[in-house]
Amino acid sequence: MSFHSQLKDKIVSREDAARIINGLRLKGRKIVFTNGCFDILHPGHVDYLSQARGLGNFLVLGLNTDDSVKKLNKAPNRPVNNENARAMVLAGLASVDLIVLFNEDTPFELIKTLQPDMLVKGSDYKPENVVGYDIVKARGGEVMTIPFLEGFSTTSLIEKLCK
């Protein structure tokens, strides 16, 4: 199998992700879940995702679709990169094991389906306010926040490019 095929194989449907995760769980693997837009990949994203992956054995990334990003009202010109481009770039990261696109406003239904052992978000959230907190805690899992790498954000990067 080519490396390119391996990257594409990381991008899966919700149903395939659930099947893969169930198999890994039977082997005792700790499944970590995070989500986001990851519009223009920068060192802050790479740092965050590598920290998240270090908290378990397998990192699943819920990636907002283009429509979902637009609903978040980030900016009229967002996302800059479409969902397929964002997914492919993220698949190239060693820290990301699986990518599942979601079209809803939040990843609640995806988390409900996947039932991760750990839910991770950035430190701009309080753990108890993270979408899916109740689902993960109900099955004995953990919800954690990770500090951001200072000086990096997609919004500031876009602003810098527009000057």
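Rounded to the nearest 20 Debye, what is the dipole magnitude of the chain about its Cα centre when Lys and Arg each give +1 and Asp and Glu each give -1 at the C-beta?
Dipole magnitude for the chain comes out near 240 debye.
Would you work out the relative contact order for the chain, in percent, from Cα pairs under 8 angstrom that are 6 or more residues apart?
28
Between the stretch 1-19 and the stretch 30-80, what's the alpha-carbon centroid distance in Å?
17
Among the listed pairs 30/71; 30/126; 8/121, which are separated by more than 28 Å between their Cα atoms?
30/71
Specify which labelled value, from (1) 58, 36, 25; (2) 55, 37, 35; (3) 52, 41, 26, agrees with Cα extents along the principal axes in Å derived from the coordinates of the model shown.
Only one option fits the structure, namely (3).
At a 10 Å Cβ-Cβ cut-off, how would you order 50, 68, fewest neighbours first?
50, 68
Once you place label points 7 Å from the Cα toward the Cβ at residue 94 and residue 82, how far apart are they in nm?
Inter-label distance under the simple model: 3.1 nm.
So what J values fall out for the stretch 34-41 if you push phi through Karplus, 6.51 cos²θ - 1.76 cosθ + 1.60 with θ = phi - 60°, rounded to Hz, Gly and Pro as x?
Result, rounded to whole Hz: 9, 8, x, 8, 6, 5, 10, 4.
Check which residues have an amide H placed less than 5 Å from residue 122's amide H, if you skip close sequence neighbours.
146
Since every read-out is calculated from the coordinates, none of them should be taken as a lab result. Bear in mind the structure is a predicted one, so any value in this text is a computation, not a measurement. All Cβ positions, even for glycine, are placed from backbone atoms using ideal geometry, and neighbour counts span all protein chains on display.
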